[in-house]
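Asker: Below is a structure I'd like to ask you about.
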Amino acid sequence: MKFLLDAQLPPSLKQLFIARGYDCIHTLDLELGNDTPDKVINKISVLEQRILITKDSDFFDSFLLRNEPYKLILVKLGNTSKKELIHFFEENFTAIIDKIKVQTMILLSK
């Protein structure tokens, strides 16, 4: 599985995925960085079969309307610190991976 982290998520989250053996990039790794348009992010996700992880609800709308991105993990944890966000992913990593293997979209919430 391959992942793409959107701009609102800390680049350090990428290291958690890489450390666990997954191919993961952040929008900062793209040519336009965090200024990459949603349309381009969706295209990369579909072409490279990357699961998009984002806080941006616009991607939920495009997923429902156009089946883009390839797969979606929508993060809705409210106002959380970077440390709390990383901790949430560390604590729930296996469950997140197991769910996205069989579903095309999951919502992460408290």
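Rule-based calculations on the coordinates, nothing more; no lab input. Worth saying up front: this structure is predicted, and the values here are computed from it rather than measured. Please note: Cβ atoms are built from the backbone with ideal geometry, for glycine as well, and neighbour counts cover all protein chains shown.
Asker: Against the condition within 12 Å of M105 (Cβ to Cβ) and part of a loop (DSSP other than H, G, I, E, B), how does E68 come out, does it pass? First the steps, then the outcome.
Answerer: On the way: within 12 Å of M105 (Cβ to Cβ): yes; part of a loop (DSSP other than H, G, I, E, B): yes.
So E68 passes the test.
Asker: Follow-up. Residues being of a type in the set (S, T, N, Q), exposed (fewer than 14 other Cβ atoms within 10 Å of the Cβ) and over 18 Å from P10 (Cα atoms): count how many of those fall in segment 37-66.
Answerer: Applying the first criterion (of a type in the set (S, T, N, Q)) to segment 37-66 yields 42, 45, 49, 54, 57, 62.
After this cut, where a residue has to be exposed (fewer than 14 other Cβ atoms within 10 Å of the Cβ) as well, the list is 49, 57.
Now narrow it down to the ones that are over 18 Å from P10 (Cα atoms): 49.
Count: 1.
Asker: Please find, within segment 1-34, the residue that is nearest to Q103 (Cα to Cα) out of those that are among the acidic types (D, E) and part of a loop (DSSP other than H, G, I, E, B). Even if it seems obvious, please write down each step before you answer.
Answerer: We begin by selecting, within segment 1-34, every residue among the acidic types (D, E); these are 6, 23, 29, 31.
Keeping just the survivors that are part of a loop (DSSP other than H, G, I, E, B) gives 6, 31.
On the way: D6: 20, E31: 30 Å.
Top of the filtered list is D6.
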